[in-house]
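Some notes on the structure that comes next.
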Amino acid sequence: AQKITQTQPGMFVQEKEAVTLDCTYDTSDPSYGLFWYKQPSSGEMIFLIYQGSYDQQNATEGRYSLNFQKARKSANLVISASQLGDSAMYFCAMREAPVNQGGKLIFGQGTELSVKP
Amino acid sequence: NAGVTQTPKFQVLKTGQSMTLQCAQDMNHEYMSWYRQDPGMGLRLIHYSVGAGITDQGEVPNGYNVSRSTTEDFPLRLLSAAPSQTSVYFCASSRLLVGELFFGEGSRLTVL
């Protein structure tokens, strides 16, 4: 069963505007972590932001924030004031923490964001 | 400041050939993993390891072998390459159970 779902294969946003990339997840483990990674056209994977399942507040890192709605099992990434350099593929990922599995991390299918000048 | 190092970056194989993708990390991470990335499929977990001598299968393990004899190294072996294994492969490591993954630069493999 798909555990991480990103329903937006592609998104467009105007430069300087905010954009929300959707991510829903499924887990029965009470302890888990949610991540967002950016993959520019050069191919490297860049860590953006992390949210723990027990964190009370939404995570923020500069222009990135994670809108964490635990009851809805959603972890949307919000990018404020989009820049041309934000054009990339964005992946949502989840890490469950059952001790016998070591916390393997699985990814969604990604959302390709294009920022228009 | 090496982080996670993957070699080779590019490789072309013929069907049936074998090869090993090397992965080394210098951060003393217990957790290491291999992913493959195909268009429209995201990153899919092939194998992972939670420490030296311990490995386990991920989502798409068929056709691949791994071993973990040291904390630093986690090679991925293709015993008999198939065109379906044409992909970009990423090695990644982290502390055990928590924290973000640190990725290598990726290895682009083409099987003819």
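The values are calculated or read from the model by the stated rules, or taken from the named source; none is laboratory data. Keep in mind it's a predicted model, so treat the numbers as computed, not measured. FYI the Cβ positions are ideal-geometry reconstructions off the backbone, even for glycines, and counts take in every protein chain you see. All accessible areas refer to the heavy atoms of the entire protein, side chains included, with ligands and DNA or RNA removed. Shrake-Rupley method; radii C 1.70, N 1.55, O 1.52, S 1.80 Å.
If you scan segment B:75-112, which residues turn out to be under 25 Å from residue A:34 (Cβ atoms) and assigned to a strand (DSSP E or B)?
B:88, B:89, B:90, B:91, B:92, B:93, B:94, B:102, B:103, listed by residue number.
Yes/no matrix, rows are residues, columns are (1) among the aromatic types (Phe, Trp, Tyr); (2) over 10 Å from the mean Cα position of the chain (by Cα); (3) within 20 Å of residue B:43 (Cβ to Cβ):
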| residue | (1), (2), (3) |
| --- | --- |
| A:13 | no, yes, no |
| A:41 | no, yes, yes |
| A:44 | no, yes, yes |
| A:53 | no, yes, no |
| A:60 | no, yes, no |
| A:66 | no, no, yes |
| A:70 | no, yes, no |
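For segment A:29-41, a residue qualifies if it is open to solvent by 70 Å² or more (accessible area, probe 1.4 Å) and in contact with a strand residue (DSSP E or B) (Cβ under 9 Å, 6 or more places away or on another chain), and exactly one does: A:41. Scanning segment B:76-90 for residues that are on the phi < 0 side of the Ramachandran plot, open to solvent by 20 Å² or more (accessible area, probe 1.4 Å), within 10 Å of chain A (Cβ to nearest Cβ) and in contact with a strand residue (DSSP E or B) (Cβ under 9 Å, 6 or more places away or on another chain) turns up at least one hit. May I ask you to say which residue of B:48, B:64 is out of contact with any Cys (no Cβ under 8 Å at 6 or more places or on another chain), of a type outside the set (Gly, Ala, Ser) and within 13 Å of chain A (Cβ to nearest Cβ)? None of the other options fit; the residue is B:48.
Just checking, does segment B:25-40 include any residue being on the phi > 0 side of the Ramachandran plot, more than 14 Å from every other protein chain (Cβ to nearest Cβ) and not charged (D, E, K, R)? Within segment B:25-40, one or more residues are on the phi > 0 side of the Ramachandran plot, more than 14 Å from every other protein chain (Cβ to nearest Cβ) and not charged (D, E, K, R).
Output yes when any residue across segment B:67-74 is assigned to a strand (DSSP E or B), touching a Leu at 6+ places or on another chain (Cβ under 8 Å) and either more than 30 Å from residue A:30 (Cα to Cα) or in contact (Cβ under 8 Å) with a residue 60 or more places away in the chain (or both), and no when none is.
no
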